[in-house]
Amino acid sequence: MSRYTMLSLALASFFTLASTSDALAHCFVGARFFPATLVTDDPCVADEMSLPTVAWSQTADVPPASQWDLGIDFSKRITENFGVTISQDWTQIRQANGTVTQGFSNFETTFQYQILKDREHELAILAGLIVDWGHTGSTASGFATDYSLLTPTLYFGKGFGDLPSSFSWFRAFAVTGQVGYQVPTNSFDFTQSVFIPQQLVYGASLQYSMPYLKSEIIDLQLPDFFNHLIPIVELTLTTPVANNFGNPYTTTGTVNPGVIWVGSYFQVGLEAMIPINRESGTGVGVIGQLHLYLDDMFPTTVGQPLFGGSSAAPRKLTF
Amino acid sequence: MRILTFMTSTLLIVMAATAAEAHAFLDHAEPRVGSTVPTAPREVSLSFTQNLEPAFSSVEVKDASGTRVDLGKPSISASVMRVGLKPLPPGTYRVRWQVLSVDTHTTEGSFTFRVGQ
């Protein structure tokens, strides 16, 4: 048995043992649970980890190249409302002629602050700053840059459970979204002799919560597996808006229909990636993610904010 | 081989989570969520997926005009919370609950059921 195999099984055993302790989920806003979305971000600070996110797609090149992306990110609450996420991606591109290019993108850090959690209206708002640190990845392979990118971003999530009862099954819908403005620390790339555009980076998701349907609207007595599903459509887009001289202002991105299965300590998501135009890729790709709720798995240690404790401390409940 | 190992590891995690059932989600209720019952129930029973802390868990039942129709303090045993009801005339009733699970996390929710045709 290889070292890799032993490590994988040891990790699995560790999670197996850890998950026998009592725990609970994290991104609740009132009765609504927002799952971690795959290509956008959910509207909560939390202790969580995506390990891994794997995507396959075909580039917009002619002929198209095959691209694999492997990502890991780890989120930690510093206080109850302030959290930091660190992310790292690795990419491999195989050209039609067999040429392979691979390497790491720049190391990314996201700082987020929870502005609002309105339980009554199932509304969450989050402000963040995404920093891609220049020269921390494989600049030689072209997957990383020697300049940094700063992206102030606003995130939101809204469940429709506060609609009148007459809306019935529609109340299980929720939307999430994010809008960011990406600013590079350099305005001109001297190695490629091109301007580096400032970009609008934005996305959204429309999701239908079967857990919400069962516990809040109507119990259809479906098999338990279906009561854990959240069918979802995600949209992620990028539009150059400034400093893009000589280049088209074309919006690129993908529409991602898929489904998320939500468990007690983790979720598994799978989505198709459909390019919105020729510049965004060729054909349909696929993305999958295993996402771990660390605050559920380790509620008294890793799952706690570093400072200030958690609002989850016992309190007398009143309506 | 690596893919097989990864899938095996993931399966172990899935099995663990399935067995543990840690969330204090509402698993099922009597009367059922969104159901219509022909005769008035004497109590509402809520079964959760995790054991509850009785001192910090509560439930109330109101009629369409907002008047409470439950008998007050619920009885809680392990993961099941029950509250008695006054005699209910036909109509729609809303159950609101908040619970603290034994790991100190809170969850909440509400649903309706109908008495009569």
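The values are calculated or read from the model by the stated rules, or taken from the named source; none is laboratory data. Just so we're clear, the structure is a prediction, and the values are computed from it rather than from any experiment. Cβ atoms come from the backbone with ideal geometry, glycine included; neighbour counts cover every protein chain shown. With ligands, DNA and RNA removed, areas are computed over all heavy atoms of the protein, side chains included. Shrake-Rupley method; radii C 1.70, N 1.55, O 1.52, S 1.80 Å.
For this structure, a couple of remarks:
- Relative to the longest principal axis of the Cα atoms of chain A, helix A:3-18 runs at roughly 30 degrees.
- Sorting B:92-102, B:61-71 by average packing, meaning the other beta carbons within 10 Å per residue, from highest down gives B:92-102, B:61-71.
- Förster radius 30 Å - calculated FRET efficiency between A:N186 and A:V54 (Cβ-Cβ, nearest 0.05): 0.45
- Here the dipole of segment A:162-319 is about 200 debye; that uses its Cα centre as origin and unit charges on the Cβ of Lys and Arg (positive) and Asp and Glu (negative).
- Inter-part distance where segment B:36-86 and segment A:53-126 are each reduced to a Cα centre, Å: 44 Å
- Using the Cβ-Cβ distance between A:F82 and B:V37 with R0 set to 56 Å, the FRET efficiency works out to roughly 0.75.
- FRET efficiency for A:L222 and A:F170, using Cβ-Cβ distance with R0 set to 22 Å, rounded to 0.05: 0.75
- For chain A: rounded, prolate or oblate by the Cα gyration tensor [a/c cutoff 1.5]: prolate
- In this entry, segment A:41-110 is assigned a mean projected area of 5.3 nm², taken as a quarter of its C-alpha convex hull surface.
- Accessible surface buried once B binds A (1.4 Å probe; total of both sides; Å²): 4100 Å²
- Dmax and Rg, reported as Rg then Dmax, of segment A:229-272 (C-alpha, Å): 16.3, 51
- Surface composition of the protein assembly as shown: carbon and sulfur make up 63 percent of the accessible area, probe 1.4 Å.
- Averaged per residue, segment A:173-238 has 45 square angstrom of accessible surface, using a 1.4 angstrom probe with ligands and nucleic acids left out.
- Legend: mean number of C-beta atoms from other chains within 10 angstrom of residue C-beta atoms, peptide A:128-141, equals 0.
- For segment A:126-239, a Kirkwood hydrodynamic radius built from all Cα pairs, placed in the Stokes-Einstein relation at 4 °C and 1.567 mPa s, yields a translational diffusion coefficient of 75 µm²/s.
- Distance (nanometres) between label positions extended 7 Å along Cα→Cβ at B:H28 and A:N247: 5.7 nm
- Per residue of chain A, the DSSP helices (runs of n ≥ 4 H) give a summed -39500 (n - 2.57) that works out to -2000 deg cm²/dmol at 222 nm.
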